[in-house]
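Here the structure comes first, spelled out in structure tokens, and everything after it is commentary.
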Amino acid sequence: MRASLIVASALFAVAVVPVLPASAPSSSVDNNLGLHLITTVSVLGDVNGTMPTPDGKHLLSFRGMGDVVGAVVIDGKLTEVLPGFIRDSLVVSSDGQRFAYKVMTDAHLFSIVLDGVVGKAYEAIAPAQPVFSPDGKQLSYIADVKPSPDKSEQCIVTNGVEGKSYASIWPWLKYSPDGKHLFYAASKTGKIFSPGISGISLGVVLDGVEGKEYPFNGGSMPQQQVTFSPDGKRLAFVVWKGKESRAVVDGVEGPSYDDIRSLVFSSDSKKVAFFATRGHQRMVVVNGMEGPSFDLPSPGVAEEPIIFSPDSNHFAYRALVGKKYRAVLDGTQGKEYTSIDLGTGFSPDGGHFAYSAQVGDAPPSFCVVVDKVEGKSYVSVSPPVFSPDGHRIAYWAQAERKTMVVVDGVEGEAFGRPAVGPVFSPDGRHVAYAAQRSQADPYQVIVVDGVESTPDSIVFDPRLALSFRDIFQFVDFNTLRFMAVRMPDREYVRVTVAIQSGDH
């Protein structure tokens, strides 16, 4: 039985009003393989009038004249907005069912509009506000309040209810992954951004309950240094005391270091790890246990991740030894390479560990290392991806002027440039990717199991590629869905590729 690919219309559309029609289906037959390819593309919106939300989960378009916006289209639903609408403040819940934004009144006061209902007016609402919880049930923001005519403070407003006011609140909020807990830092003693600030403290506040206060030195508790465990029950953050930094895990302060970076919990929430620096040496600390020391990367080098396996039984990171890098797995050092890219590192079952590495310098050459075994060398390779069952592996490789996907060690057809993928289906049977036919040709083809489908000259918009983490993925065993731009019309489109067995 031969595989058959059918590219069908999307289940939903995001569009400017009115909704544009879908493309007429087109059919072709590959006589060599006997495959019938039927392509239908649904229009989502014009590129010039549509944009992704900052979290990359929704598409928006604005209706109105010039800077005056009268309505917003969110995931295809037309929503009228009130006068004074501040475009950059619009947020949409992760499920796309709720929306909120900031408005400024004629009296130069500010309100948050949640699901079309106007909230209380304040003299100021902090930038980058409001914020939805991950489950979309809570909406919070920082607002200026006046407990007395001559005194201005700040408070957290959640679902319209004001919390306790403080002299100032650090201007970001952190929700737990389950949306049940809210963390922020506040000062009772002074304004955080006052010139020549000194002598104030930041206190941690979790679910409205005040915790310990820590000295504020102008850089305490940056947002990336606060993390909840995946189950939402544990909290870790970094604080500074003079020139010392400490990790606070579940309210308990750890030992002091010169610097702490990359706080991360394991998938089962039982382990917490971070990079710790003393002098010119760096180490990884896991549940308070220090690992071996390595050299400190040069300033400006991108922050490196600590990766836990999905089953939480293993952890890995990249370490600098002199001028070379080693992949460290569970504290054991691997072979030295000029460079290493860990990517996702582990297979979904935690049974395999793989990464890309530079094996040659003149000229540079790269390979994929799987369970310490080096694969074939290429001009360049991408970090590998595993199938969900962990039995298969795929990556992009470049050999001279041709670029191809290598699946289970077998090289695919040559293309000019990679676009998106590869991705595996949930059962690991299918692998899909998008590629550019040549360097000069901007259009891309979709390839599933080595079979090409060309849905009306597709191009992946860089904004989507950066923000939409799920723009190219299998939604079930036999269905691939993706979002892209159709050229030359410059339209956002959503395409569904259904994979069927049998001759049709």
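Points worth noting:
- Scattering profile of the range 404-504 at q = 0.23 Å⁻¹ [log10 I(q)/I(0), Debye over alpha-carbon scatterers]: -1.35
- For the chain, the relative contact order is 10 percent, taking Cα pairs closer than 8 Å that sit 6 or more residues apart in sequence and dividing their mean separation by the residue count.
- All Cα-Cα distances of the range 282-355, cut into 10 Å bins from zero to the largest, leave 19, 54, 26, 2 percent in each bin in turn.
- Dipole-positive endmost among Pro255, His391, Thr454 within the chain (Cβ charges, Cα centre): Pro255
- Solvent exposure of the chain amounts to 47 Å² per residue of accessible area, where only protein heavy atoms count and the probe is 1.4 Å.
- For the range 292-429, the fraction of 1.4 Å probe accessible surface lying on carbon and sulfur atoms is 54 percent.
- With the convex hull constructed from alpha-carbon coordinates only, the range 330-415 shows a mean projected area of 5.7 nm² over all directions.
- Charge dipole (debye, nearest 20) of the chain; +1 at Cβ of Lys and Arg, -1 at Cβ of Asp and Glu: 840
- Cα-based shape type of the range 245-387, given that a ≥ b ≥ c are square roots of the gyration tensor eigenvalues and the cut on a/c is 1.5: oblate
- What separates the Cα centres of the range 379-393 and the range 111-140 is a distance of 42 Å.
- Pairwise FRET efficiency - Arg392 versus Met487, Cβ, R0 = 30 Å, nearest 0.05: 0.40
- Along principal axes, Cα extents of the range 66-131, largest first, whole Å: 33, 27, 19
- Rounded, prolate or oblate (a/c below 1.5 giving rounded, otherwise prolate when a/b exceeds b/c) for the range 118-270 by Cα gyration tensor: oblate
- Karplus-derived 3J(HN,Hα) values for the range 174-187, using 6.51 cos²θ - 1.76 cosθ + 1.60 with θ = phi - 60°, are 10, 8, 6, x, 8, x, 8, 10, 10, 10, 7, 10, 9, 10 Hz; glycine and proline are entered as x.
- For the range 381-442: relative contact order, % (alpha-carbon pairs under 8 angstrom, 6 or more apart): 27
- Added length on full extension, which subtracts the Cα-Cα distance from 0.36 nm per residue, Glu290 to Val252: 12.0 nm
- Eigenvalues of the alpha-carbon gyration tensor of the range 252-292, scaled by 5 and square-rooted, set the equivalent ellipsoid semi-axes at 19, 10, 9 angstrom, largest first.
- Taking Cβ atoms as reference points and 13 Å as the exclusive limit, the residues near Met487 contribute a net charge of -4, counting Lys and Arg as +1 and Asp and Glu as -1.
- Hydrodynamic radius by Kirkwood, which averages 1/r over all alpha carbon pairs of the range 292-333, in angstrom: 11.2
- Helix-only arithmetic for the chain: the sum of -39500 (n - 2.57) across DSSP H runs with n ≥ 4, divided by the residue total, places the mean residue ellipticity at 222 nm at -500 deg cm²/dmol.
- Each 10 Å bin, from zero up to the one with the longest distance, holds this percent of the alpha carbon pairs of the chain: 4, 16, 22, 24, 21, 11, 2, 0, 0.
- Histogram of C-alpha separations across the range 359-465, 5 Å bin width, %: 2, 12, 22, 23, 19, 13, 6, 2, 0
- Under 15 Å, Cβ to Cβ, from Val103 - net charge with Lys/Arg +1 and Asp/Glu -1: -3
- Set the Cα radius of gyration of the range 59-169 against 2.2 N^0.38 Å, with N its number of residues, and you get 1.10.
- Here the Karplus curve 6.51 cos²θ - 1.76 cosθ + 1.60, taken at θ = phi - 60°, turns the phi angles of the range 166-171 into couplings of 9, 4, 7, 10, 4, x Hz, with x standing for Gly and Pro.
- A viscosity of 0.890 mPa s and a temperature of 25 °C, combined with the Kirkwood radius over Cα pairs in Stokes-Einstein, give a translational diffusion coefficient for the range 392-445 of 215 µm²/s.
- Cα centroid separation, the range 413-435 to the range 41-86 (Å): 31
The values are calculated or read from the model by the stated rules, or taken from the named source; none is laboratory data. Nothing here was measured: the structure is a model prediction, and the numbers come from that model. Every residue, glycine among them, receives a Cβ derived from its backbone with ideal geometry; neighbour counts consider all protein chains shown. In case anyone asks, the SASA skips ligands and DNA or RNA and just uses the protein heavy atoms, side chains included. Shrake-Rupley method; radii C 1.70, N 1.55, O 1.52, S 1.80 Å.
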